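The values are calculated or read from the model by the stated rules, or taken from the named source; none is laboratory data. Because the structure is a prediction, the values reported are computed rather than measured. All Cβ positions, even for glycine, are placed from backbone atoms using ideal geometry, and neighbour counts span all protein chains on display. What goes into the accessible areas is simple: the full protein's heavy atoms, side chains included, and nothing from ligands, DNA or RNA. Shrake-Rupley method; radii C 1.70, N 1.55, O 1.52, S 1.80 Å.
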Amino acid sequence: MVRAFNRLVGERIGALNSDFLGRRRPMGESRTLWEIAEEGVEVRALRLRLGLDSGYMTRMLRSLERQGMIKVESARDDGRVRVVRLTRRGNAERAEVDKRSDAVAAGLLGPLSQQQRTRLVTAMEEVERLLRASLVTMAVEKPTSPDARWCMQQYFRELNARFKRGFDPALSISADAHELVPPAGALLIARLRGRPVGCGAVKFHRGAPAELKRMWVAPDARGLGLGRRLLVELERLARRNGVSAVRLETNRALKEAIALYRSAGYREVKAFNDEPYAHHWFQKRLVTSSPGTRPSRGIRRGR
């Protein structure tokens with residue numbers, strides 16, 4: 001079914017034609033022009049966004065340069081970073097591609113009744129959301145990496161905004177970098193098209209339940225099921241380390257998180273620590289993995 005769907009969509013939007021949208025270039029080049037936009041973009045970010053390997057990306061950019069559509073140059077503040085920008089001709093071409101893409105969309109909807117159009121657009125929105133979710137990758141990473149530090153900063157900033165009296169990490173129970181590396185613990189980073197969009201951590205304690213910490217998902221990535229995926233992967237990490245139970249505490253302002261924990265089988269228990277920002281404490285028993293269990297395919301070692 002998935003392959004049949006892909007074939008039908010490719011056929012319907014003209015992706016099989018070498019002159020996509022009648023512009024005498026393949027779809028990949030037209031899509032690249034659209035992704036660059038007016039302000040330009042770093043080549044590395046563009047490659048990650050499009051999911052292309054560096055060799056293919058380089059060949060496509062050279063082709064667009066020969067056509068006079070783009071200019072690739074060093075960033076003003078860092079000569080090691082390459083930035084691609086549209087030329088005047090490239091901006092005009094991007095506008096034409098946009099116009100023709102609108103015509104293709106109108107052609108998709110035109111033959112349908114109003115009821116069918118509504119159903120198709122609603123289905124497209126759901127498919128787009130699920131496909132975005134399928135693009136998310138998760139990896140165990142160093143808590144000192146730039147992406148890890150960025151996630152922590154965003155997490156602290158959101159707690160400070162949502163908690164009634166703000167949030168000061170110095171007053172909270174710690175989950176410092178040295179506590180989130182083996183064998184003390186681990187940190188997961190979730191990425192969408194190479195961009196960090198979430199994190200979660202686990203701290204291990206000999207002979208005691210593991211602690212889940214720093215659960216956060218970026219606002220623009222919510223609704224993709226990432227919170228539950230992070231929770232599942234953290235539980236898998238705990239099981240692989242022989243942990244029989246995990247626990248966590250949370251603030252009453254985080255209603256979405258509380259609902260997630262309860263739906264995932266966490267049971268509310270008496271306070272097991274003196275976390276000043278907590279109003280709810282949860283625990284869940286785990287079925288421990290047998291020795292030699294292979295790591296989950298959904299998780300990998302990061303940078």
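Quick notes on this one:
- Heavy-atom surface of the stretch 194-295, accessible at 1.4 Å and reported per residue (Å²): 50 Å²
- Over 22 Å (Cα to Cα) - which of K255/K284; K142/K213; K142/K284 fall in this group: K142/K284
- Global geometry of the stretch 96-148, whether rounded, prolate or oblate, following the gyration tensor of its Cα atoms and the 1.5 cut on a/c: oblate
- Contact order for the chain, expressed relative to its length and based on alpha carbon pairs under 8 Å spaced 6+ residues apart, stands at 13 percent.
- Most positive-pole-ward Cα, L237, A186, T118, against dipole of the chain from beta carbon charges: L237
- When +1 charges are put on Lys and Arg Cβ atoms and -1 charges on Asp and Glu Cβ atoms, the dipole computed for the stretch 46-142 relative to its Cα centre reaches about 340 debye.
- Taking Cα centre as origin and charging only the Cβ of basic (Lys, Arg, +1) and acidic (Asp, Glu, -1) residues, the dipole magnitude of the chain rounds to 680 debye.
- Multiplying the residue separation of E158 and A133 by 0.36 nm and removing their Cα-Cα distance gives an extension gain of 6.8 nm.
- In terms of its alpha-carbon gyration tensor, the stretch 217-291 comes out oblate; a/c meets the 1.5 threshold, while b/c is at least as large as a/b.
- Legend: calculated FRET efficiency, N6 to N273, from the Cβ-Cβ distance at R0 = 30 Å, rounded to 0.05, equals 0.05.
- For the stretch 71-226, the relative contact order works out to 17 percent when only alpha carbon pairs closer than 8 Å and six or more residues apart are counted.
- Distance between the 7 Å Cα→Cβ label points at R240 and E35: 2.9 nm.
- Shape category assigned to the stretch 11-156 from the gyration tensor of Cα positions, a/c cut at 1.5: oblate
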